[in-house]
There are 2 protein chains.
Amino acid sequence: MSAGRTARERARAEVTREIKDEARRQLATDGAGLSLRAVARSLGMVSSALYRYFPSRDDLLTALIIDAYDALGDAVEKADPGGAPIERWRAVCAAARGWALAHRHEYALIYGSPIPGYQAPQDTVGPAARVPLVLIDIAHAADVPDSPLPDVLREQVVGVLATLPIAPPPGAGARVLIAWTQVFGMISFELFGQLVGSADPADAFFGYAVDRMAAIIGLPGAEWPTP
Amino acid sequence: MSAGRTARERARAEVTREIKDEARRQLATDGAGLSLRAVARSLGMVSSALYRYFPSRDDLLTALIIDAYDALGDAVEKADPGGAPIERWRAVCAAARGWALAHRHEYALIYGSPIPGYQAPQDTVGPAARVPLVLIDIAHAADVPDSPLPDVLREQVVGVLATLPIAPPPGAGARVLIAWTQVFGMISFELFGQLVGSADPADAFFGYAVDRMAAIIGLPGAEWPTP
DNA sequence: TCGCTGTCAAGAGCACTGCTCTCGAATTTG
DNA sequence: CAAATTCGAGAGCAGTGCTCTTGACAGCGA
């Protein structure tokens, strides 16, 4: 990004990037067990030197998590074609699943079980909100109707929507919330092996469910078949 | 269960149980970082002695995973009141969430991201199938109608249903699959902190979504409101 | 240009981990 | 009773995250 002025700063940014890249690489190959020493070794430096760039293993993890949220956000936003809401919905869901399948360990980092001794800092909520934001924008653009909600849920949804620049009706927000948890529930099930023996590979099931969710949200063009 | 005949066998079963209990306890308190040495230390034995009972850390993990699946299965089956399908559905979903909230680390063990170097053996699929089996039984008992499916998905669903003693129509099976991934997607989101700032606490949202899913499955008494 | 200051890589070391091996002691079996 | 099996304890290996100290280098003002 911004080329630091002094040579030191540029070198520092470069090394920081190399560390994260190597950590990502090890995450992808050696399973999810991220070892500081292994990363340092593979970079030709000694482990203690790495602490100049990341004060602890958790900080490296946090950096990777934020990068992962942003990468997923980028992929989803780039895949949004605009235009017909139902097409946007399908494209965005497929992009989310595609990114998850291509970066399963990074996906596990952000949507899997929390790391043992790790507590996600506040810095992650911004990047984490990018995907749901796109989903809400689709519902908003489709001018989807309201629907009755239990009071407690209605208050919670209204509270969240109040922080956004766009404001679909609360019922639509709740239905998007259902669709959102559905989509990522399916992706997690597929990636974490819960679907082996049933709907695995899950392409057909995913597409089918995505269309059902479009109907739940109320996107025009998505009709619920017969029953 | 079966009291082994010899004193040795009884002692062995006893110690094995104590190890698993202590491991569960540490899982619940110290986060998810399970340490063989810590378990052994807390039991007043030396770490190497533990290997007489579990040949590796992964085997201990496997035992805990199977136990967790069975505990969840027990909780869900016990909560099934029989009678009206919609009531069964609500009770079973609430029981699954209740168990997950009360045993979050054990839940993470079975529905979270896979353990780094760990590969789940075949022994887990039986206990893992207990919950979805109950869900399918509810749809079957409700005599829920079929619905059109894409060919690939239809084949996969038919393949799974063929292995079961009961056989609801394929469309119903697919809709149960949606509901299943939805329910556990929500539980995972709630437990893994993805819902903080939106629908957390998730009681209201969970109940709302469970009723929506009942409507999708087609359980009588569950109507989709207005839109 | 010299010298100061802050940054960096390297190494040793601590406490911890999973796991293996060996060695006596206890217990079950023949 | 003797032989065979099982078990707990201890030492030890290779690995981990992390801290501290040491010495080298770069950038700055004088």
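Brief remarks on what is shown
- Backbone amide hydrogens, once placed in the peptide plane, bring B:Gly218 within less than 5 Å of nothing, excluding anything fewer than 5 places away on its chain.
- Tilt relative to chain A, helix A:7-29 - C-alpha long axis, 0 to 90 degrees, to 10: 60
- For chain B, projected area of the alpha-carbon convex hull averaged over all directions, nm²: 15.7
- Sequence-distant residues sharing a close amide H with B:Ala120 (under 5 Å, placed H): none
- The B and A chains share an interface that buries close to 4000 Å² of accessible area, total over both sides, probe 1.4 Å.
- Residues in the range B:182-227 that, when all protein chains are in place, have 40 Å² or more less accessible area than the chain alone would give (probe 1.4 Å): B:Gln182, B:Phe189, B:Phe192, B:Gln194, B:Ser198, B:Ala204, B:Phe205, B:Tyr208, B:Ile216, B:Trp224, B:Pro227
- Rounded to the nearest 20, the Cβ-based charge dipole of the protein assembly as shown about its Cα centre (Lys and Arg +1, Asp and Glu -1) stands at 1620 debye.
- Rg(Cα) / (2.2 N^0.38 Å) computed for the range B:143-199, rounded to two decimals: 1.45
- Value of [θ]222 nm, deg cm²/dmol, for chain B, DSSP H segments ≥ 4, -39500 (n - 2.57) each, nearest 500: -21000 deg cm²/dmol
- Rounded to 0.05, the FRET efficiency of the B:Asp80 and B:Thr124 pair, given R0 = 30 Å and the Cβ-Cβ distance, is 0.85.
- Simple label model, 7 Å out from Cα along Cβ direction - B:Arg12 to A:Asp58, nm: 4.3
- The length gained on full extension between A:Leu101 and A:Arg41, counted as 0.36 nm times the residue separation minus their Cα-Cα distance, comes to 18.8 nm.
- Computed in the context of the full set of protein chains, the accessible area of the protein assembly as shown at 1.4 Å probe radius has 54% of its extent on carbon or sulfur.
- Cα-based helix-to-principal-axis angle, A:151-161 vs chain A, degrees rounded to 10: 50
- Residues of the range B:127-148 whose accessible area, computed with a 1.4 Å probe over protein heavy atoms, drops by at least 30 Å² once all protein chains are present relative to their chain alone are B:Pro148.
- Number of partner chain Cβ atoms within 10 Å, mean per residue of A:166-177: 2
- The magnitude of the dipole of the range A:61-217, with charges of +1 and -1 set on the Cβ of Lys/Arg and Asp/Glu and taken from the Cα centre, is near 180 debye.
- Dipole orientation for the range B:63-217: of the candidates B:Tyr208, B:Gln156, B:Ala139, B:Tyr208 has the Cα lying most toward the positive pole (charges on Cβ; Lys, Arg +1; Asp, Glu -1).
- Spherically averaged projected area in nm², based on the convex hull that wraps the Cα atoms of the protein assembly as shown: 25.0
- Here's the picture: charge each Lys and Arg Cβ at +1 and each Asp and Glu Cβ at -1 in the range B:63-217, and of B:Thr124, B:Ala199, B:Phe189 the one pushed furthest to the positive end of that dipole is B:Ala199.
- Rolling a 1.4 Å probe over the protein heavy atoms gives the range B:63-217 an accessible area of 37 Å² per residue.
- Once divided by 2.2 N^0.38 Å, the Cα radius of gyration of the range B:1-54 becomes 1.21.
The values are calculated or read from the model by the stated rules, or taken from the named source; none is laboratory data. All values derive from a computational prediction rather than experimental measurement. When we count neighbours, we look across all protein chains shown, and the Cβ atoms used for this are built from the backbone with ideal geometry, even at glycine. Heavy atoms of the whole protein, side chains included, go into the accessibility calculation; ligands, DNA and RNA do not. Shrake-Rupley method; radii C 1.70, N 1.55, O 1.52, S 1.80 Å.
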